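> Take this structure first; my questions come after.
The values are calculated or read from the model by the stated rules, or taken from the named source; none is laboratory data. What you see is a predicted model, and the numbers here were worked out from it, not measured in a lab. As a convention, Cβ positions derive from the backbone with ideal geometry for all residues, glycine included, and neighbour counts pool all protein chains shown. SASA here: full protein model, heavy atoms, side chains in, ligands and nucleic acids out. Shrake-Rupley method; radii C 1.70, N 1.55, O 1.52, S 1.80 Å.
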Amino acid sequence: MALVESEEHKALRASVAALGKRHGRTYDREQLWSEAGKLGYLGVNLPEEYGGGGGGIAELSIVLEELGAAGSPLLMMIVSPAICGTVISRFGTDTQKQKWLPGLADGTRTMAFGITEPDAGSNSHRITTTARRDPDKGDWLLTGRKVFISGVDIADATLIVGRTEDARTGNLKPCLFIVPRDAEGFERRAIDMELSAVEKQFELTLDDVRLPPDALVGDEDAGLLQLFAGLNPERIMTAAFAIGMGRYALARAVEYARDRQVWKTPIGAHQAIAHPLAQAHIDLELARLMMQKAAHLYDAGDDIGAGEAANMAKYAAGEACVRAVDQSVHTLGGNGLTREFGLASLITASRVARIAPVSREMILNYVSHQTLGLPKSY
């Protein structure tokens, strides 16, 4: 793993930054999504034979980070190409790949991801959404509930995590199913969020949703492996989302501190202002290094090593983002709470990286018992 970005990555970063600058903070999500797809940015991690760029999560994380740094992040990049695209490209059938990957790559098709449940939360072993076979037709019947699922209204389908019964043991095992948006019995309800975001959150209800046999992604007996193949990119991309947001806020604060003059010099000349901003920059750079390590390990096929690094990257980026946003708002004082400067909404948005897709406390649990070998508390 190189500690200095390649010329190709630098060029990708610069071109995406230019795209983000053209759209800016008041971007239209559909227009930006469409343009990013046509330019090949949305599918940069997907196989070339299906219209992708042939790269990996390392390249996709650059795209999301730079769009976020321009004030125009695309949250569904975490879900559609990173989670769903990765899972289908690694484990899907040829038919599933041909049907979904070209559209995911050029942005003409979008897929949501449904794992969280009201009574499961971080404990995926408590997922109760179940799939059973229709003995006569061989179809799947999917029943359950999901909550806090992003972008279902704009997605053509949702990759749902359900559980099937193991015929040998009777235990339930996780499996992944592609559920079309218009499937009978598949209902959604928008969740009223204080968070101001283009992508909405939904609660899903699946009432005996009938799916054909080929709705199952991959091997029924390898669901857990396939599930975590999607969760590691989710954590890496969430880190990119957070780093981009933190960079955007910090840039606004630095610009303000450089120009704002109350006494004889700009306020950025005072260490009480300059040092916290410098520390925020350092924290974001350190988080990016861990994110790049996680992406490198994942793209190299080291799922176990990537799991630890992805969790650490997500934790570091979430903390760095919150601190950068907080310090940026504080630097602007009252102006930091105005719509004109566009930072106040980030106070809530920055917390997303601490909470989702896994809380910082659960990451600390993971590191304490998986990395340090301490006993579990749960």
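> Give me the accessible area per residue for region 15-136, probe 1.4 Å, as a whole number in Å². Before the final figure, lay out each step's value.
Values: 4910 Å² over 122 residues.
I get 40 Å² per residue for region 15-136.
> Students often check this: by mean Cβ neighbours within 10 Å, which of 35-41, 371-377, 183-189 ranks highest, and how do the rest follow? Write out the running numbers ahead of the final one.
On the way: 35-41: 19.1, 371-377: 8.1, 183-189: 15.0.
Ranked by mean Cβ neighbours within 10 Å, highest first: 35-41, 183-189, 371-377.
> Here's another thing I want to ask about it. Output the peptides 229-239, 272-282 sorted from most to least packed, where packing is the average of other Cβ atoms within 10 Å over each peptide's residues. Intermediate values should be presented prior to the final figure.
Values: 229-239: 26.7, 272-282: 15.6.
The peptides rank, most packed first, as 229-239, 272-282.
> Net charge around ASN232, counting only other residues with Cβ within less than 14 Å of its Cβ (Lys, Arg = +1; Asp, Glu = -1)?
On the way: positive: ARG90, ARG235, LYS293, LYS314; negative: GLU234, ASP299, ASP302, ASP303, GLU308.
My count for the surroundings of ASN232 gives -1.
> Still on this structure: Where the centroid of each part is defined by its Cα atoms, how far is region 269-298 from region 49-125 in Å?
After rounding, the separation between the Cα centres reads 26 Å.
> Positive end of the charge dipole of the chain (Lys, Arg +1 and Asp, Glu -1 on Cβ, about the Cα centre): tell me which of ALA58, SER377, GLY92 has its Cα farthest that way.
SER377
> On to the next question. Could you check how much of the accessible area of the chain is carbon and sulfur, as a whole percent, using a 1.4 Å probe? Kindly include the intermediate steps, with their values, before the conclusion.
Working: 9230 of 17830 Å².
Carbon and sulfur atoms account for 52 percent of the accessible area of the chain.
> When each pair of different Cα atoms in the chain is counted once in the 1/r mean, what is the Kirkwood radius in angstroms, to one decimal? Numbers along the way, then the final one.
Numbers: mean 1/r = 0.0467 Å⁻¹.
Over the chain, the inverse of the mean reciprocal pair distance is 21.4 Å.
> Counting only DSSP beta bridges with both residues in the chain, tell me the antiparallel percent, nearest 5. Please report the intermediate quantities before stating the final value.
Working: 29 of 34 bridges.
In the chain, approximately 85 percent of DSSP beta bridges are antiparallel ones.
> Sequence gap at least 6, Cα distance under 8 Å: using those rules, report the relative contact order of region 222-307 to the nearest whole percent. Intermediate results must be reported in sequence, preceding the final value.
Numbers: 53 pairs, mean separation 28.8, N = 86.
Rounded, it is 34 percent for region 222-307.
> Given the DSSP H assignment, sum -39500 (n - 2.57) over each helix run of at least 4 residues in the chain and divide by its residue total; what's the result at 222 nm in deg cm²/dmol, nearest 500?
Numbers: 11 runs with 172 residues, N = 378.
Only helices count here, giving -15000 deg cm²/dmol.
> Would you list the membrane-span-like helices of the chain, meaning whole DSSP H runs whose alpha-carbon atoms span at least 27 Å along their axis and whose mean Kyte-Doolittle value is at least -0.5?
223-259, 271-299, 303-332
> Same structure again: How much area per residue is accessible in region 216-353 when the probe is 1.4 Å and only protein heavy atoms are counted (Å²)?
Values: 6140 Å² over 138 residues.
About 44 Å² of surface per residue is accessible.
> Next up: Using 1/(1 + (r/R0)^6) with R0 = 25 angstrom and r between the beta carbons of SER377 and ASP119, what's the FRET efficiency to the nearest 0.05?
Once the sixth-power term is evaluated, E becomes 0.80.
> Determine, at each q value in 0.23, 0.29 (inverse angstroms), the log₁₀ of I(q)/I(0) that the Debye formula gives when each Cα of region 179-237 is one equal point scatterer.
Once normalised to I(0) and log-transformed, intensities are -1.07, -1.05.
> Sorting check: for 247-254, 203-210, 299-306, 339-346, which peptide has the highest mean count of neighbouring beta carbons within 10 Å, and how do the rest follow? Could the numbers behind the result be given before it?
Working: 247-254: 23.9, 203-210: 18.4, 299-306: 15.2, 339-346: 16.8.
The most tightly packed comes first, giving 247-254, 203-210, 339-346, 299-306.
> Let me ask something additional. Determine the sum of side-chain charges near MET193: Lys and Arg each +1, Asp and Glu each -1, restricted to other residues whose C-beta is under 15 angstrom from that of MET193. Spell out each step's value before the answer.
Details: positive: ARG188, ARG189, LYS200, ARG351; negative: ASP153, ASP192, GLU194, GLU199, GLU203.
After counting each charged neighbour, the total is -1.
> A follow-up question, please. If I histogram all Cα-Cα distances within region 132-284 using bins 10 Å wide from 0, what percent of pairs lands in each bin?
9, 26, 23, 15, 12, 9, 4, 1, 0
> State to the nearest 20 debye the size of the charge dipole of the chain about its Cα centre, where the only charges are +1 on K and R beta carbons and -1 on D and E beta carbons. All intermediate terms of the calculation are to be shown ahead of the outcome.
On the way: 40 positive and 48 negative charges, 240 e Å.
That gives the chain a dipole magnitude of about 1160 debye.
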